[in-house]
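Here is the structure we will look at.
The values are calculated or read from the model by the stated rules, or taken from the named source; none is laboratory data. From a predicted model like this one, the values you see are computed outputs, not experimental measurements. Cβ atoms come from the backbone with ideal geometry, glycine included; neighbour counts cover every protein chain shown.
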Amino acid sequence: MTERFPLDPASVAVAPCASLPDAMGAAGRRLFVEVGFGKDVRLLRAAAADPEGLFLGVEISRKKFDSFCRKVARAGLANVRAFGGDVRRVLEEMLPAGSVSGFTILFPDPWPKRRQKKNRWIQPATAARLHRALVPGGSVEIATDDGDYREQIQRCFLDAGLLLESERGELAESERTVFTARFERRGVPFTVQRWRRAVPA
Ligand SMILES: C[S@@+](CC[C@H](N)C(=O)[O-])C[C@H]1O[C@@H](n2cnc3c(N)ncnc32)[C@H](O)[C@@H]1O
């Protein structure tokens with residue numbers, strides 16, 4: 001039997017375009033972007049708690065993206081959309097300057113081996129793009145369990161002009177994800193940093 005959803009899963013997906021905020025009708029609304037949500041649904045909880053905000057998930061894995069669109073449709077959350085593809089393309093082509101109130105990036109793939117580091121998507125150019133896309137005062141929340149990636153993120157973000165606001169080693173119950181649960185079960189420590197774009201004086 002076909003399951004009936006309050007929304008059509010196809011309507012959750014947003015196509016490549018020159019401005020994702022325009023495509024989502026974000027004028028006058030706060031836009032929050034989560035990169036690499038994987039199998040997690042924290043974005044759905046955040047969207048349900050803030051119906052005035054708009055929420056965009058970006059995920060490169062087609063399978064996880066399709067599954068996420070079905071979950072959003074099942075939950076009937078009209079303020080959540082998803083883009084299936086590489087966040088680098090989104091940052092380069094689809095997010096205008098000063099359009100995003102907050103990014104959430106929880107456990108970007110660490111590519112821990114020396115020869116793999118070039119595959120990490122947070123690099124100086126993408127950090128500059130994150131900074132550019134944020135509204136003044138906007139934030140980036142980022143978590144990693146990899147010490148070397150943490151240092152790389154810190155260097156890139158500082159060079160991009162972001163300000164480190166806080167650092168902690170745990171998340172509140174409502175903020176937990178599939179990966180935080182996995183790390184907690186295995187006793188693997190991780191760091192969650194909050195960065196902010198400065199507000200001009
Ligand atoms: C380690 S998982 C973390 C999943 C989730 N954030 C959590 O905490 O449970 C990283 C996710 O980022 C996605 N990802 C990796 N590179 C990406 C990219 N360049 N653009 C968008 N998503 C990406 C992967 O497909 C994967 O689902």
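Give me a count of the residues in the range 142-201 that are touching an Asp or Glu at 6+ places or on another chain (Cβ under 6 Å) and either closer than 18 Å to H131 by Cβ or part of a loop (DSSP other than H, G, I, E, B) (or both).
6
Hey, among the residues in the range 56-84 that are near the ligand (Cβ under 9 Å from one of its atoms) and among the aliphatic types (A, V, I, L, M), which one's surrounded by the most Cβ atoms within 10 Å (Cβ to Cβ)?
My answer is V58.
From the list V35, V87, exactly one residue is in contact with a Pro (Cβ under 8 Å, 6 or more places away or on another chain), within 9 Å of the ligand (Cβ to nearest atom) and not assigned by TED's automatic domain parsing to the domain that holds E173. Which is it? Give the derivation first.
Working: V87 fails: in contact with a Pro (Cβ under 8 Å, 6 or more places away or on another chain).
One residue alone meets the criteria, V35.
Looking only at the range 120-160, how many residues end up being hydroxyl-bearing (S, T, Y) and farther than 24 Å from A46 by Cα? Don't jump to the end; show me each part of the working.
Step one: filter the range 120-160 for residues hydroxyl-bearing (S, T, Y), giving 126, 139, 144, 149.
Among the residues that remain, those that are also farther than 24 Å from A46 by Cα are: 126, 149.
Of the residues in the range 120-160, 2 are hydroxyl-bearing (S, T, Y) and farther than 24 Å from A46 by Cα.
Identify all residues within the range 90-102 that are within 12 Å of the ligand (Cβ to nearest atom) and surrounded by 14 or more Cβ atoms within 10 Å (Cβ to Cβ); write none if there are none.
V90, L91
Just to be sure before I move on: is T191 surrounded by 12 or more Cβ atoms within 10 Å (Cβ to Cβ) and within 10 Å of the ligand (Cβ to nearest atom) in the structure I sent?
no
Which is closer than 21 Å to G38 by Cα and not polar (S, T, N, Q), of P108, P124?
Matching residue, one of P108, P124: P108.
What's the number of the only condition in (1) touching a Leu at 6+ places or on another chain (Cβ under 9 Å); (2) part of a loop (DSSP other than H, G, I, E, B); (3) hydrophobic (A, V, I, L, M, F, W, C); (4) within 15 Å of the ligand (Cβ to nearest atom) that W111 fails to meet?
Evaluating W111 over (1) touching a Leu at 6+ places or on another chain (Cβ under 9 Å); (2) part of a loop (DSSP other than H, G, I, E, B); (3) hydrophobic (A, V, I, L, M, F, W, C); (4) within 15 Å of the ligand (Cβ to nearest atom) leaves (1) as the failure.
Just to be sure, is D86 out of contact with any Leu (no Cβ under 8 Å at 6 or more places or on another chain), over 22 Å from S174 (Cβ atoms) and at pLDDT below 95?
Answer is no for this residue.
Condition check: free of Cβ contacts under 8 Å to residues at least 12 places away in the same chain, surrounded by 13 or more Cβ atoms within 10 Å (Cβ to Cβ) and more than 27 Å from A48 (Cβ to Cβ). Does L162 satisfy that?
Considered against the rule, which asks whether it is free of Cβ contacts under 8 Å to residues at least 12 places away in the same chain, surrounded by 13 or more Cβ atoms within 10 Å (Cβ to Cβ) and more than 27 Å from A48 (Cβ to Cβ), L162 comes out as no.
Give just the number: which of (1) in the same structural domain as A48 (by TED's automatic domain parsing); (2) basic (K, R); (3) touching a Ser or Thr at 6+ places or on another chain (Cβ under 6 Å) does R196 not satisfy?
Tallying (1) in the same structural domain as A48 (by TED's automatic domain parsing); (2) basic (K, R); (3) touching a Ser or Thr at 6+ places or on another chain (Cβ under 6 Å), R196 fails exactly one: (1).
Just checking, how many residues over the range 132-175 are over 13 Å from R194 (Cα atoms), of a type outside the set (S, T, N, Q) and modelled with pLDDT of 95 or more?
Selection size over the range 132-175: 16.
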